[in-house]
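Taking it in order: structure first as structure tokens, then the write-up.
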């Protein structure tokens, strides 16, 4: 696997560090093929009764430890964090991840008959998850980062720190600055946009390994297409809550990659509006899979400040 080099910077003073001697860089470079469908050793699977229905959950670590909640994006699942779970648990945290309503093993959760997967559905689910325990450190991946920001804006008391992982950085039509296809975003319907996304995943445009490809393709047997359509539609009208998130006063990390869908410059602008730290890795849209050691390192730095600990 190609080595992935990252850097961490305050948005006020950008500074790159791509040292091959960085232990996190070395560990990420050594990641090989894994079975993404296999349970993470030491993890526990369960369900959470959310407002939209039963959500599939995986957790790891001491239940009495500080909480970290990880939320995957559209067409994703809790397994996207398989490489992060043990790292965060070993650092002294209780880690929880769940499948969004309508996705993978939470596919039966959703709106009433003839209803839509809207922002309130996903926000209510996440709010319920967070309110079920102590305030948590929160990571929202891609679309889920929009939901995470909405929850922070409405219920800052539930969140200790916020990490936005390759979350669309622009309000409104968040696709308008996507590399290459941005100019076409104004004429795409949610259904067509969702179809393009699913086609890209099925045909391995992300260039993932055989085990990962087999797993992400298998998830489509459960994930509800109408949910994917609705989520794409939601990303075409992303709300602007940056001012409220910044006013919440919690530490925020904007984490992205050099080869993500959106240019790094858009993420830098968003981080500046949030008063957030910016982390950029030399990988694609999924640092949780390809540079998990670097991502967790940066999260631990963020979280330790919020916890007043040395984690």
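Miscellaneous remarks
- Cα gyration tensor, the stretch 159-285 - rounded (a/c under 1.5), prolate or oblate: prolate
- Of 33, 79, the sequence from fewest to most neighbouring Cβ atoms within 10 angstrom is 33, 79.
- Once the Cβ-Cβ distance of residue 113 and residue 203 is raised to the sixth power relative to R0 = 30 Å, the FRET efficiency obtained is 0.35.
- Candidates 32, 73, 193: whichever shows maximal mean-square fluctuation once the chain is modelled as a Gaussian network with Cα springs under 10 Å: 32
- Across the stretch 154-311, the mean sequence separation of Cα contacts (distance under 8 Å, 6 or more residues apart), normalised by length, yields a relative contact order of 31 percent.
- Highest average first, the peptides 197-203, 242-248, 52-58 ordered by how many other beta carbon atoms sit within 10 Å of their residues are 52-58, 242-248, 197-203.
- Exposure proxy ranking, count of Cβ atoms within 10 Å, fewest first, for 127, 75: 127, 75
- Label-to-label distance, nm, for residues given as residue 196 and residue 225 (7 Å Cα→Cβ offset): 1.8 nm
- Mean-position separation - Cα centroids, the stretch 15-93 and the stretch 202-221, in angstrom: 19 Å
- Taking all Cα pairs closer than 8 Å and separated by 6 or more residues, the relative contact order of the chain comes to 22 percent.
- Choice from 100, 274, 165 with maximal GNM fluctuation in the chain (Cα, 10 Å cutoff): 274
- Prolate/oblate/rounded call for the stretch 28-92, Cα gyration tensor, a/c under 1.5 rounded: oblate
- Helix-only CD estimate at 222 nm, as mean residue ellipticity for the chain, using -39500 (n - 2.57) per DSSP H run (n ≥ 4): -10500 deg cm²/dmol
- Ranked 143, 215, criterion: other C-beta atoms within 10 Å, fewest first: 215, 143
- Cα gyration tensor category, rounded, prolate or oblate, for the stretch 254-311 with a/c compared to 1.5: oblate
Each reported figure results from applying straightforward, stated rules to the coordinates on display, with no laboratory input. The model shown is predicted, which means the values in this text are computed figures rather than measured ones. All Cβ positions, glycine included, derive from the backbone under ideal geometry; neighbour counts span all protein chains shown.
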